[in-house]
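Before any comments, here is the structure.
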Amino acid sequence: MQAATGPLSDPWNIDVAGGALRGARQVPSPNWDERPEAVAPELIVVHGISLPPGEYGGPWIDRLFTNSLPADAHPYFATIATLKVSSHLLIRRDGSVVQYVPFHRRAWHAGASNYCGRERCNDFSIGIELEGTDDTAYEPAQYRALSNSIRALCAAYPSLSTERIAGHDDIAPGRKTDPGPAFDWPRLRALVRAG
Ligand SMILES: [Zn+2]
C-alpha cells in the first residue's frame, strides 16, 4: 500500500510515460507536435502572461491555448485570437498549475529564439508560463510552484538541469520582454537550490 507521503501522492511527481505533472490540472492543447528525433528537453523557459494584460484569474489563457479565445470579448483578444500557441505549464497567481502539453512533446511557446547559439528553442525546451506582467511582482506561491516544478522536471528528465533556465526575454531579446524585470531570478535560484 502506498504511504500517504509516497511519490505517487506527491503533487510534484511526474508521470514520465504520460509526460504529466500529477498535481497539475490537465487542459490538453492541440498546439503541439513531436520534438525532432533524438532531441530531449535541455532548457526550461520561464514566461509571463495575463489575459487581458494585467488582469488575473479569468479563463482566457486556457482559451488561448485551446484555440477558443473569443476575439470579441476584449479589444486585445482580436490581435491574438488566431495565434496557435501553447506552453507546457501555466502557474496561476495562487500557485495552482495547469498543464497543456505533455513534456516529451514540443509546445509552441518560444517562437524565433536562440539559446547559447542554438535556435528554435521550442525543439529542446519546456515552457512554463507564470500568470503576471513584466512590471508587477509575482506571487510567493508562484515562486514555490515554479521551483517545485523545476525540481520535479530535472528529476524526471536527466537531460534538464537547474543550470539551464532562461527567460523568454533572454532567448528572444528585443522581441519579447517576459517574464520581465518583476521576475526575481535570485529568488528562484535560491528556491531551486534549497530543494
Ligand atoms: Zn513568453
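Brief remarks on what is shown
- Any chance D62 is open to solvent by less than 40 Å² (accessible area, probe 1.4 Å), without any contact (Cβ under 8 Å) to a residue 60 or more places away in the chain and charged (D, E, K, R): yes
- Test: residue in segment 70-84 that is within 23 Å of E34 (Cβ to Cβ) and touching a residue at least 12 places away in the same chain (Cβ under 8 Å): yes
- Hey, T162 open to solvent by 40 Å² or more (accessible area, probe 1.4 Å) and β-branched (V, I, T) or not: yes
- Taking (1) within 14 Å of the chain's Cα centre (by Cα); (2) within 12 Å of H47 (Cα to Cα); (3) open to solvent by less than 10 Å² (accessible area, probe 1.4 Å) in turn, I150 satisfies each apart from (2).
- G95 vs. criteria open to solvent by less than 50 Å² (accessible area, probe 1.4 Å), part of a loop (DSSP other than H, G, I, E, B) and either β-branched (V, I, T) or in contact (Cβ under 8 Å) with a residue 24 or more places away in the chain (or both): yes
- Odd one out for C121, checked against (1) out of contact with any Phe, Trp or Tyr (no Cβ under 8 Å at 6 or more places or on another chain); (2) at pLDDT 95 or above: (1)
- Filtered by the rule that a residue be of a type in the set (D, E) and either at pLDDT below 95 or in contact with a Gly (Cβ under 8 Å, 6 or more places away or on another chain) (or both), segment 140-195 gives D169, D178.
- Restricting segment 132-147 to residues that are within 16 Å of the chain's Cα centre (by Cα) and more than 17 Å from I49 (Cβ to Cβ), the residue that is most open to solvent (accessible area, probe 1.4 Å): R144
- Residue list for segment 33-72, filter: assigned to a helix (DSSP H, G or I), of a type outside the set (K, R) and either within 16 Å of the ligand (Cβ to nearest atom) or over 14 Å from the mean Cα position of the chain (by Cα) (or both): W60, I61, L64, F65
- Among residues of segment 165-193, those that are under 22 Å from N114 (Cα atoms), of a type in the set (V, I, T) and either without any contact (Cβ under 8 Å) to a residue 60 or more places away in the chain or open to solvent by 60 Å² or more (accessible area, probe 1.4 Å) (or both), counted: 1
The values are calculated or read from the model by the stated rules, or taken from the named source; none is laboratory data. Fair warning: this is a prediction, and the values are worked out from it, not measured in the lab. Here the Cβ is made from the backbone with ideal geometry for all residues, glycine too, and neighbour counts use every protein chain on show. Surface areas here come from the heavy atoms of the whole protein model, side chains and all, with no ligands, DNA or RNA. Shrake-Rupley method; radii C 1.70, N 1.55, O 1.52, S 1.80 Å.
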